[in-house]
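Taking it in order: structure first as structure tokens, then the write-up.
The values are calculated or read from the model by the stated rules, or taken from the named source; none is laboratory data. Fair warning: this is a prediction, and the values are worked out from it, not measured in the lab. Quick reminder, even Gly has a Cβ in these numbers, built from the backbone with ideal geometry, and neighbours come from all protein chains shown.
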Amino acid sequence: MCVIGETVRKALFGGVDAVGQPLRVKQFSCEVIGLLASKGQSTMGNDQDDLVVMPLRTLQRRLTGSVEVGSLMISVRDGASMDAAKSDVTWLMRERRHIDPGDNDDFSVMDTRQIAETLSGTTRVLTGLLGAVAAVSLLVGGIGIMNIMLVSVTERTREIGIRLAIGAREGEVLLQFLIEAVALSSLGGVVGIGLASLASIAGAALLKVPYLFDPAINLLSFGFAAAIGVIFGFVPARRAARLDPIEALRHE
């Protein structure tokens, strides 16, 4: 008798009802008497549905040929104290393994919360590092846009002076250069999103993992790119709007 996970069922039986079917494991066959509920991946990335569960004595006698047990998985009831359960298990193991008081344990009791906290800490560090890299990239890109707009203002000083002289208001000149800065940064954002999508698709195909396109994330990225244009384009736009028309017309 054995119980199988969802991954094993799909791989071996497809759409056929697996309960009651024979399953050959190495040199002997067992009857499938049940299916495990799908659990997906564990915190370590392992497929928890890719397994076959059978009686311990059958496994030891027919497969491993050994009575040694390498690990035990213990489930604690909802609401129970994990620390108390860990302490009780440690005490029971020391008693069963005849470890004298004061001697070190020859086994280890691991709480899955420790693994989850470790993984969460690693994820936070990686997220912080990626955020720092993204912030530096945005800063460098913003400075580049500012430099381009300052050069543009310098080269178009006479044009700005003519516009101001014939009645253009400061706000209109300011808005013109802000729009140009936003258009420039938005174009860069579109190109960046396109390149990132292509790289993600190629990476997903290489790693054999599914690629999911998230419109919200991409819209947020585009919004950040446009915001960079507004923030770093404001200084050149204000400089253009505050030019003295007479001095601007004299500029060569």
Looking at (1) within 30 Å of PHE28 (Cα to Cα); (2) in a helix (DSSP H, G or I); (3) charged (D, E, K, R), which one does ARG94 not meet, given that it meets all the others? (1)
Out of (1) in contact with a helix residue (DSSP H, G or I) (Cβ under 9 Å, 6 or more places away or on another chain); (2) surrounded by 13 or more Cβ atoms within 10 Å (Cβ to Cβ), what's the single condition that is false for ILE115? (1)
Do we have any residue at all in segment 117-125 that's touching a residue at least 12 places away in the same chain (Cβ under 8 Å) and under 30 Å from ASP88 (Cα atoms)? yes
Which is surrounded by fewer than 13 Cβ atoms within 10 Å (Cβ to Cβ) and in contact (Cβ under 8 Å) with a residue 24 or more places away in the chain, of ILE160, ILE166, ILE143, ILE193? ILE143
Within segment 38-66, residues assigned to a loop (DSSP other than H, G, I, E, B), under 16 Å from LYS26 (Cβ atoms) and either modelled with pLDDT of 80 or more or basic (Lys, Arg) (or both) come out as LEU51, MET54, PRO55
Is at least one residue of segment 165-184 under 34 Å from the mean Cα position of the chain (by Cα), farther than 12 Å from PHE232 by Cβ and among the aliphatic types (A, V, I, L, M)? yes
Could you say which residue among ARG61, ARG96 is more than 18 Å from VAL8 (Cβ to Cβ), in the same structural domain as GLU6 (by TED's automatic domain parsing) and of a type in the set (Lys, Arg)? ARG61
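May I ask you to list the residues in segment 217-245 that are among the aromatic types (Phe, Trp, Tyr) and either exposed (fewer than 15 other Cβ atoms within 10 Å of the Cβ) or touching a residue at least 40 places away in the same chain (Cβ under 8 Å) (or both)?
Of everything in segment 217-245, those that are among the aromatic types (Phe, Trp, Tyr) and either exposed (fewer than 15 other Cβ atoms within 10 Å of the Cβ) or touching a residue at least 40 places away in the same chain (Cβ under 8 Å) (or both) turn out to be PHE224, PHE232, PHE234.
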Could you list, in sequence order, all residues of segment 67-86 that are farther than 19 Å from ILE115 by Cβ and outside any loop (DSSP other than H, G, I, E, B)? ALA84
Counting only helices (runs of 4 or more DSSP H) wholly inside segment 144-252, the ones holding at least 1 residues that are modelled with pLDDT of 85 or more and over 18 Å from ALA134 (Cβ atoms) are 157-165, 170-207, 215-241
Which one of the conditions (1) buried (at least 16 other Cβ atoms within 10 Å of the Cβ); (2) under 25 Å from SER152 (Cβ atoms) does ALA183 fail to meet, given that it meets all the rest? (1)
Output yes when any residue across segment 97-108 is surrounded by 13 or more Cβ atoms within 10 Å (Cβ to Cβ) and among the hydrophobic types (A, V, I, L, M, F, W, C), and no when none is. yes
For the condition small (Gly, Ala, Ser), surrounded by 10 or more Cβ atoms within 10 Å (Cβ to Cβ) and under 24 Å from GLU6 (Cα atoms), what is the one hit in SER81, SER71, SER38? SER38
State all residues of segment 1-15 that are more than 14 Å from ILE33 (Cα to Cα) and part of a loop (DSSP other than H, G, I, E, B); if no residue qualifies, say none. GLY14, GLY15
